[in-house]
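So the structure is just underneath, and the comments pick up after that.
The values are calculated or read from the model by the stated rules, or taken from the named source; none is laboratory data. Every value quoted in this text rests on a predicted model; they were computed, and no experiment measured them. Here Cβ is always computed from backbone atoms with ideal geometry, including for glycine, and neighbour counts include all displayed protein chains. With ligands, DNA and RNA removed, areas are computed over all heavy atoms of the protein, side chains included. Shrake-Rupley method; radii C 1.70, N 1.55, O 1.52, S 1.80 Å.
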Amino acid sequence: PTKTVGIAVFVPSAYYEEQDILNSDLITELKDLHIKKLFSDAFRLENIQVIHDTYAAAMSEYENMDTNHDSQFYLYCGDGVGGCFIHKGNAVHGDDLVAGEVGKMILWYDKKDRKMETLEERLSVPGIMKQIRENLPDMEFETALEAYERGEYKIMEIFDEALDTIARVLYNLVWVYNPTRIVIDSCYKQYGSMIKKRAEQFFHEFQNSDISIRVQFTEAQYDEYHMMRGCMNLVLKKWIEQAVMSPAD
């Protein structure tokens, strides 16, 4: 019986509002799909917000920081790898809305053979599983995490390479963004904890360098529901803005 005042749709890539088009590099079936129009026509609403899933999650985490923090870098490692830097409540998107696509970082590039490896290919769950299944085709990610905890050498070698890589990437990103907090998130909580622990260890090694880096590491608070929470907040704010602008309605 309640009234629907808005809808938010979170998507796995950059969304270009003027064209109502999603960058469909991850899901080719979404190419040329006008998402906002689709939902607007179906629900007869103007307040349709299309938002990058990483941004939605990052804003949800940021809005629940204590008041001693004014900037945050959010890193997500799951089926893909993405990030979002927020400073004093404003997210950095870049001119073409792709700022934060840290998974696209190139780790190595062979100019002769035109081959390369991206951060996403090494750090994402599918990227890690591709390496594991070369020798263990039936293993699942949860089983691989258990094998890592048991100290199985081959599994540890693959995970350790990924963890060391992201620790170095985060260290470099801190010199670019200088956040007061880094939030680590994953669809597998144990994996997120592993990344946080390795990054903290790596940063500790440089705490006495000439220019000290002071950043707090935390794990995401809201698990898989943070994106919905961020979307809810966005829709509510937009609805309030519209109500203030048009009080008669």
Considering only residues of the stretch 149-167 that are over 24 Å from the mean Cα position of the chain (by Cα), part of a helix (DSSP H, G or I) and of a type outside the set (A, V, I, L, M), which is farthest from Val102 (Cα to Cα)?
Arg150
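Would you say Thr218 is closer than 30 Å to Thr143 by Cα, open to solvent by less than 70 Å² (accessible area, probe 1.4 Å) and either of a type in the set (Val, Ile, Thr) or without any contact (Cβ under 8 Å) to a residue 24 or more places away in the chain (or both)? Even if it seems obvious, please write down each step before you answer.
Values: closer than 30 Å to Thr143 by Cα: yes; open to solvent by less than 70 Å² (accessible area, probe 1.4 Å): yes; either of a type in the set (Val, Ile, Thr) or without any contact (Cβ under 8 Å) to a residue 24 or more places away in the chain (or both): yes.
Judged against the criteria, Thr218 is a match.
Check the stretch 61-83 and report whether any residue there is of a type in the set (Gly, Ala, Ser), out of contact with any helix residue (DSSP H, G or I) (no Cβ under 8 Å at 6 or more places or on another chain) and either surrounded by 19 or more Cβ atoms within 10 Å (Cβ to Cβ) or over 20 Å from Leu173 (Cβ atoms) (or both).
The first filter runs over the stretch 61-83 and keeps only residues of a type in the set (Gly, Ala, Ser), leaving 71, 78, 80, 82-83.
Checking which are out of contact with any helix residue (DSSP H, G or I) (no Cβ under 8 Å at 6 or more places or on another chain) leaves us with none.
Looking through the stretch 61-83, none of the residues is of a type in the set (Gly, Ala, Ser), out of contact with any helix residue (DSSP H, G or I) (no Cβ under 8 Å at 6 or more places or on another chain) and either surrounded by 19 or more Cβ atoms within 10 Å (Cβ to Cβ) or over 20 Å from Leu173 (Cβ atoms) (or both).
Residue-wise test of (1) surrounded by 14 or more Cβ atoms within 10 Å (Cβ to Cβ); (2) under 30 Å from Thr218 (Cβ atoms); (3) of a type in the set (Asp, Glu).
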site	(1), (2), (3)
Pro1	no, no, no
Pro12	yes, yes, no
Tyr15	yes, yes, no
Thr28	no, no, no
Ser40	yes, no, no
Ile48	yes, no, no
Every residue in the stretch 199-215 that is surrounded by 10 or more Cβ atoms within 10 Å (Cβ to Cβ) and farther than 16 Å from Val176 by Cα, please.
Ala199, Glu200, Gln201, Phe202, Glu205, Phe206
Please state which of the following conditions Ile211 fails to meet, knowing it meets all the rest: (1) outside any loop (DSSP other than H, G, I, E, B); (2) modelled with pLDDT under 95; (3) of a type in the set (Val, Ile, Thr).
(1)
